[in-house]
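The values are calculated or read from the model by the stated rules, or taken from the named source; none is laboratory data. Being a predicted model, the structure only gives us computed values, none of them experimental. A quick note on method: Cβ atoms are made from the backbone with ideal geometry, for glycine too, and the neighbour counts reach across all protein chains shown.
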Amino acid sequence: MSELFGQEVSGFLDDARVSVDGAAEGPLQGLTFAVKDIIDVAGQVTGCGNAEWRRTHDAAQANAPVVQLLLDAGATMAGKTITEEFAYGMIGENFHYGTPRNAAAPGRIPGGSSSGSASVVAAGEVDFALGTDTGGSVRVPASFCGLYGLRPTHGRVPTGGIMPLAPSLDTCGWFARDPDTMKRVGAVLLDWRQPPSPGRFLVARDAFGVVDPTLRDALAPALARAAEILGAPQEIDAGALHGMNDLGDWAQVMQVVRGSEGAGSHLAWIEATDPVMGPGFRERFEAGGRYTREEIAAAMATRARIEGHLDALLDDGAVMAVPAAPSVPPPVRSPESVFDTLRNTNERYNSMAPLARLPQISLPLGEVDGLPIGLGLIAAHGNDELLLDLAVAMGAPR
């Protein structure tokens, strides 16, 4: 057993705190950022959260395009951050490197898999940080660490030079402590487009229905603030799709798509190398490799229907509210049953944006007993700017 497993540590990888100066001028001049360790930085090994991978791979020859965009815009890179192994987790623990501290909720998990990136932003060590989100890996840590976090529209932020997990779900997003910084970064990474006027304000009743009612109560002021800008909310069951009984069916589609693609990305290396891995990680990849062609085809067909359903629901500039995370952050070293419940609940509704390739932002606008909880807002494909503008508006003085 690793001596660091379950121990709280800095979100930075100790041997990857390498500063890289940005351009002398640019829109991000004066800002510092960190990079999740599945994203290439020239001269650094991209370790992907696994000690054996890190030991057996060479340093990256070039920066990932997303890193280069930020450097060219004047931001300074402060180092690389801990990730869960191969970005396949949402708790934030790493068997090899420890659990990044959650400055917003000491003694609580930071969420994953972009745990280190959320940790260093929450601690004020950098102004913003890059993370990736396949099934919640930006949105959940943002909620747990009291941060803003964006999962962008699939394909809007370049993913070259980033380790793939499930390519049809993978996105590269970012964290910040304030909405203005979120928008400044978005203006660089999104090649900013004028967003449409906001349309209807939808509240996903079924998504809120699978989490503890205290979360809806805690987010009521944020929902009211959104309604001041967007208009009276309309309660809907977002998961109501013919042939799907409830959000559990959405979770099953997500599990097949992510599991099968994850196995395609890494299972061959795992089987050939037999690396030491944290509890449950090898099993996730092995389970993904057991899906049949028929199961994968059926999941992909249902996913296409899900995309059409959500595209139609949001096509008028609508914005839909969901909880950004299934709960407040549980304590570090909680029983595995607590973490399993967290994962299963997250899968039931936070699969919406990934399956339909949509943008979703997490807004740090609620708390329960002093612990952070974020409001999630989902928009139509390509309407990332609408969400960032809304974050700024909701954070402005009333």
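Report yes if some residue within region 118-127 is touching a helix residue (DSSP H, G or I) at 6+ places or on another chain (Cβ under 9 Å), β-branched (Val, Ile, Thr) and within 24 Å of Gly259 (Cα to Cα); otherwise report no. No, there is no match, as no residue in region 118-127 is touching a helix residue (DSSP H, G or I) at 6+ places or on another chain (Cβ under 9 Å), β-branched (Val, Ile, Thr) and within 24 Å of Gly259 (Cα to Cα).
Condition first: surrounded by fewer than 21 Cβ atoms within 10 Å (Cβ to Cβ) and either under 18 Å from the mean Cα position of the chain (by Cα) or in a helix (DSSP H, G or I) (or both). Now tell me which residues in region 321-355 satisfy that. Correct list: Pro330, Glu336, Ser337, Val338, Phe339, Asp340, Thr341, Arg343, Asn344, Thr345.
Name the one entry in Arg101, Arg139 that is surrounded by 23 or more Cβ atoms within 10 Å (Cβ to Cβ), within 14 Å of the chain's Cα centre (by Cα) and among the basic types (Lys, Arg). So that I can check it myself, show each step before the final result.
On the way: Arg101 fails: within 14 Å of the chain's Cα centre (by Cα).
Step by step, each of Arg101, Arg139 is checked, and only Arg139 is surrounded by 23 or more Cβ atoms within 10 Å (Cβ to Cβ), within 14 Å of the chain's Cα centre (by Cα) and among the basic types (Lys, Arg).
Checking the stated criteria, Thr171 turns out not to satisfy the condition of being among the β-branched types (Val, Ile, Thr), in contact with a Lys or Arg (Cβ under 9 Å, 6 or more places away or on another chain) and either within 24 Å of Asp21 (Cα to Cα) or surrounded by fewer than 22 Cβ atoms within 10 Å (Cβ to Cβ) (or both). Taking region 142-157 as the range and being surrounded by fewer than 24 Cβ atoms within 10 Å (Cβ to Cβ) and among the charged types (D, E, K, R) as the test, only Arg156 passes.
Within region 2-10, does at least one residue satisfy the condition of being touching a helix residue (DSSP H, G or I) at 6+ places or on another chain (Cβ under 8 Å), buried (at least 20 other Cβ atoms within 10 Å of the Cβ), within 17 Å of Lys80 (Cβ to Cβ) and polar (S, T, N, Q)? Before you say what the answer is, go through the steps one by one.
Let us first name the residues in region 2-10 that are touching a helix residue (DSSP H, G or I) at 6+ places or on another chain (Cβ under 8 Å), namely 10.
Right, trim to buried (at least 20 other Cβ atoms within 10 Å of the Cβ) and you get none.
No, region 2-10 has no match at all.
Right, Pro27: surrounded by fewer than 18 Cβ atoms within 10 Å (Cβ to Cβ), free of Cβ contacts under 8 Å to residues at least 12 places away in the same chain and part of a loop (DSSP other than H, G, I, E, B) or not? Steps first, please.
On the way: surrounded by fewer than 18 Cβ atoms within 10 Å (Cβ to Cβ): yes; free of Cβ contacts under 8 Å to residues at least 12 places away in the same chain: no; part of a loop (DSSP other than H, G, I, E, B): yes.
For Pro27, the condition - surrounded by fewer than 18 Cβ atoms within 10 Å (Cβ to Cβ), free of Cβ contacts under 8 Å to residues at least 12 places away in the same chain and part of a loop (DSSP other than H, G, I, E, B) - is not met.
Against the condition under 30 Å from Glu85 (Cα atoms), crowded, with 21+ Cβ neighbours inside 10 Å and under 25 Å from the mean Cα position of the chain (by Cα), how does Gly262 come out, does it pass? Spelling it out, Gly262 is indeed under 30 Å from Glu85 (Cα atoms), crowded, with 21+ Cβ neighbours inside 10 Å and under 25 Å from the mean Cα position of the chain (by Cα). Keeping to region 108-144, report how many residues are out of contact with any Leu (no Cβ under 6 Å at 6 or more places or on another chain) and either assigned to a loop (DSSP other than H, G, I, E, B) or at pLDDT below 95 (or both). Qualifying residue count for the region: 14.
Figure legend. Inter-residue proximity from region 359-378: first residues surrounded by fewer than 24 Cβ atoms within 10 Å (Cβ to Cβ), second residues modelled with pLDDT of 95 or more and among the β-branched types (Val, Ile, Thr), beta-carbon distance below 7 Å, spacing 6+ or different chains. Indicated pairs: Glu367/Ile373; Val368/Thr214; Val368/Val328; Leu371/Val328. The C-beta contact set for region 47-60 (first residue farther than 17 Å from Phe12 by Cβ and acidic (Asp, Glu), second residue at pLDDT 95 or above and assigned to a helix (DSSP H, G or I), distance under 9 angstrom, 6+ apart or interchain) comprises Glu52/Thr273.
So, of the residues in region 291-320 that are surrounded by 15 or more Cβ atoms within 10 Å (Cβ to Cβ) and β-branched (Val, Ile, Thr), which turns out to be nearest to Pro233 (Cα to Cα)? Applying the filter and picking the extreme gives Val319.
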